[in-house]
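Remarks on the structure that follows.
Values quoted throughout were computed directly from the atomic coordinates according to the rules given, and no laboratory measurement underlies them. The model shown is predicted, which means the values in this text are computed figures rather than measured ones. Using ideal geometry, Cβ is built from the backbone for each residue, glycine included, and neighbour counts are taken over all protein chains shown.
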Amino acid sequence: MGPMLCLLLQLALVDSARHAMGPEPARTVRIVGIQHTFLLGNAERADGPWRTFYARFAALYDAADGHLRLTSQPLNTGFGGQQVAVLSDSVMASGSASSYEDWMDRINASPERALALAASSPSVRVVGTKQRYGLTFDVVEFPWRNGHMRIELERETHLPDVVEIVRAYPKDFRRAPFGDVTTRFEYVDWQIHPGGWWWPMQHKVSLDGEPLRDVTIDTVTASDQPAPADSFAISDSARAQFMASRVRSPDRIRVGTTAAPSELAPGILRIPELWAMTVVRQDDGLVIFEAHQSAQFLHDVIDTARRRYPGLPVKALVMTSDPWAHLGGVREAMALGIPIYVNARSIPFLTKMGKAPKFVPITGKVTVGAGANRLELYPVGGPYGERMTMVYFPERRLLYGADLVFPNDPQPGYDPTPATDLRRAVDRAHLAVDSVFCVQRYGPFAWSDFVR
């Protein structure tokens with residue numbers, strides 16, 4: 001079979017699917033529904049179960065130009081009031097670089113949009129079939145953005161029951177550490193609407209097999225008329241804010257972008273950025289706390305440390321927590337052959353990210369080095385700090401409190417939930433602490449204030 005005939009057959013599959021959905025649902029689509037979103041990578045455990053965010057939403061979608069206006073009302077206390085986000089002209093108002101990437105996926109993976117992209121791609125091809133639920137699905141694939149998109153077409157109905165996007169997310173702190181990831185959109189509860197077009201009333205979305213989002217649509221209406229002219233307007237200030245968020249994405253952050261490194265004490269170098277990393281000089285080598293942001297940032301930290309403390313190798317990486325947003329340089333550390341000290345409970349998850357040369361599990365007190373900058377590592381434990389590790393400098397009565405130190409602003413004091421776990425861990429280990437600093441870029445703080 002010649003290449004042209006193959007392409008025609010592949011496009012025939014796509015055309016059959018577009019025909020099965022019925023007439024295109026006009027130019028403007030309004031969708032009202034409810035969704036719950038799993039906050040992947042932002043929980044006590046890096047492999048779930050996940051905290052969940054609930055919201056009602058109303059979306060106005062311009063099918064011709066791909067513009068979107070989303071109004072959502074959080075149902076959880078503590079998530080604020082009504083929120084409005086607008087995506088237009090490759091800019092997202094009231095959204096970050098990572099939320100923009102998420103919404104670009106959601107828009108382009110919608111059934112009618114995915115089929116239109118497939119129909120216009122000169123590289124679309126059939127890559128096989130799948131069997132599920134006793135049904136056969138023909139799978140077509142084509143390049144899309146920095147990866148590819150797959151559509152699973154149910155052979156009997158011809159409807160696009162599944163759209164998968166496989167690509168990397170260098171601007172998303174939570175997805176960037178994993179390289180290419182698979183976002184899977186499963187469309188169920190197809191219903192026919194006035195005008196004869198079909199639309200799925202439930203969307204079930206997963207990321208690398210983890211549940212990401214469940215969407216239930218209450219109503220969907222379509223119109224041939226364009227939306228009001230100002231529906232997708234974005235102010236100059238909102239554009240500037242969005243562009244700033246892209247500059248602060250993990251692939252763009254470099255050492256010294258915001259503040260210069262400085263020593264907390266001789267041989268203890270703090271390198272602040274979105275989060276802070278710390279380098280500790282010991283007589284036989286350098287110990288780095290955390291591997292945030294990106295592989296490039298890890299190399300920046302190593303280069304900075306070697307200029308400050310020449311002639312010493314990097315002998316260890318201490319990972320004090322494992323939320324996804326704090327893992328940007330971990331795979332690079334593994335590739336560089338750096339031994340990784342980490343809470344034993346995190347090792348099964350981190351092993352999935354790559355092959356480490358050596359994991360040193362923290363289950364109790366572990367001592368690293370000697371002299372003034374000798375370190376003692378302790379598991380924190382507790383409901384919030386279950387998988388965290390704290391670092392104590394006994395000669396300096398200085399504590400590194402992992403990701404557990406959050407000042408209440410503007411009220412005095414500290415977030416009591418993480419603070420309680422850290423205070424209890426210090427009491428349990430009978431440590432004499434004068435000051436505390438942490439993963440975040442602020443501090444150090446007096447321990448007497450922290451425990452007040």
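Structure notes:
- Pairwise FRET efficiency - Asp303 versus Arg441, Cβ, R0 = 22 Å, nearest 0.05: 0.65
- Computed Kirkwood radius, in angstrom, where 1/r is averaged over Cα pairs of the stretch 275-354: 12.7
- Cα→Cβ-extended label distance, 7 Å offset, between Glu156 and Gln131, nm: 1.6
- Segment Asp283-Ala372, extension gain: residue separation times 0.36 nm, minus the distance between their alpha carbons: 31.1 nm
- For the chain, lysine pairs with C-alpha atoms less than 23 angstrom apart, excluding pairs fewer than eight positions apart on the same chain, total 6.
- Gyration tensor (alpha-carbon) shape descriptor, the stretch 332-394, a/c threshold 1.5: oblate
- Most simply put, the chain has about 90% antiparallel DSSP beta bridges, counting only bridges with both residues inside it.
- Projected onto planes of every orientation and averaged, the convex hull of the alpha-carbon atoms in the stretch 355-452 covers 7.1 nm².
- Rg and Dmax of the chain, Cα atoms only, in Å: 25.3, 78
- All Cα pairs of the stretch 233-282, percent lying beyond 16 Å: 54
- Extents of the stretch 105-176, largest first, come to 39, 27, 20 Å (Cα atoms, principal axes, whole angstrom).
- Value of relative contact order over the stretch 233-337, rounded to a whole percent, pairs C-alpha under 8 Å and six or more apart: 23
- Paramagnetic reach from Asp218 (point 7 Å along Cα→Cβ, amide N under 18 Å) across the stretch 30-46: 30-37
- Separation in nanometres of the label points that stand 7 Å from Cα toward Cβ, at Asp449 and Ala240: 3.2
- Distance (nanometres) between label positions extended 7 Å along Cα→Cβ at Gln83 and Lys365: 4.5
- Paramagnetic reach from Ala26 (point 7 Å along Cα→Cβ, amide N under 19 Å) across the stretch 56-96: 58-70
- Sequence-separation-based contact order of the chain, relative, with Cα cut under 8 Å and 6+ spacing, percent: 12
- Residue-wise HN-Hα coupling along the stretch 204-219, computed from phi with Karplus coefficients 6.51, -1.76, 1.60 (Hz; x: Gly, Pro): 10, 10, 10, 10, 6, x, 8, x, 10, 7, 10, 10, 10, 8, 7, 9
- Per residue, the average separation of C-alpha pairs within less than 8 Å and at least 6 apart gives the stretch 3-247 a relative contact order of 24 percent.
- Efficiency of FRET from Cβ geometry, Gln225 and Ala335, R₀ 60 Å, rounded to 0.05: 0.65
- DSSP H segments from the chain that extend 18 Å or more along their own axis, Cα-based, with Kyte-Doolittle mean of 0.5 or above: 3-20
- Relative packing of peptides 326-335, 434-443 - highest average C-beta neighbours within 10 Å first: 326-335, 434-443
- Dimensions (Å) - the stretch 170-314, Cα atoms, principal axes, largest first: 75, 39, 20
- Difference of contour (0.36 nm per residue) and Cα-Cα distance, Ala344 to Ile34: 107.7 nm
- As a calculated quantity, the FRET efficiency between Met353 and Arg252 at R0 = 35 Å, using C-beta atoms, amounts to about 0.95.
- Fewest-first sequence of Asp138, Asp236, Asp47 by Cβ atoms within 10 Å of each Cβ: Asp236, Asp47, Asp138
- q = 0.09, 0.10 Å⁻¹: log10 I(q)/I(0) that the Debye formula gives for the stretch 3-247, counting C-alpha atoms only: -0.40, -0.50
- Shape of the stretch 294-411, Cα gyration tensor, a/c cut at 1.5: rounded
- Within the stretch 98-207, the trypsin sites (Lys or Arg not before Pro) that combine a DSSP coil assignment with at most 14 other C-beta atoms in a 10 angstrom radius are Arg145, Arg155.
- Take 58-66, 396-404 and order them by the average number of nearby Cβ atoms within 10 Å per residue, most first; the result is 396-404, 58-66.
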